[in-house]
Amino acid sequence: MALRGLADANGDGLQEAFVSLSRGAANDFMGVFALTGSELIQVEEAGEGPLLIDVGGPADFGSGGACKDVDGDGNPELVLFEVHSAQGSRHAWKKDIYEWEGFRVLFREKVTGSFEYRGRKDDRRVGGFHEFRCGGFVTY
Ligand SMILES: [Ca+2]
Ligand SMILES: [Ca+2]
């Protein structure tokens, strides 16, 4: 296990720890841990068990995410991206948007789309699909 970054992902004023739980050839699977009092709590996805954030991938597709207030209501959401090649140079992407409820995330909606891929700079179209950004930290 290695600490990848600290950030207040759920907006409660305390930082959560993003920890690499398993590292593949090109991907990093992170768990999220919150410290409350002296208790360390692993963030879960409601109904699914511990939340695992997949970050990275080969050059032309991959996964990532961000902590972001998607709907502008002042509360942060967790957004997880995934991009894969669809047909020819066409890439398909999806964003899963989760709401926070204490130390759990609840799936809210999936947004999908596609774009013509012309190289890694196109990462920006979906918010950087090889990276995870939260508060002040970015991990690849
Ligand atoms: Ca927090
Ligand atoms: Ca929000």
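None of the figures in this text is laboratory data; all of them are computed from the coordinates on show. Quick caveat: nothing in here was measured; it's all calculated off a predicted structure. So basically every Cβ, Gly included, is an ideal-geometry build from the backbone, and we count neighbours across all protein chains shown.
Data for the structure
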quantity: Long-range amide H partners of Glu77 with built H, under 5 Å; calculated: Lys68, Asp69, Val70
quantity: Choice from Arg118, Arg104, Arg23 showing the highest fluctuation, given a GNM over the chain with Cα pairs closer than 10 Å; calculated: Arg118
quantity: Modelled label reach - Glu39, point 7 Å along Cα→Cβ, segment 92-116 residues with backbone N closer than 14 Å; calculated: 102-104
quantity: Volume in Å³ per residue [convex hull over Cα atoms, computed for the chain]; calculated: 111 Å³
quantity: From phi via Karplus (6.51, -1.76, 1.60), per-residue ³J(HN,Hα) for segment 42-58 in Hz, x at Gly/Pro; calculated: 8, 5, 10, 9, 3, x, 10, x, x, 6, 10, 9, 8, 10, x, x, x
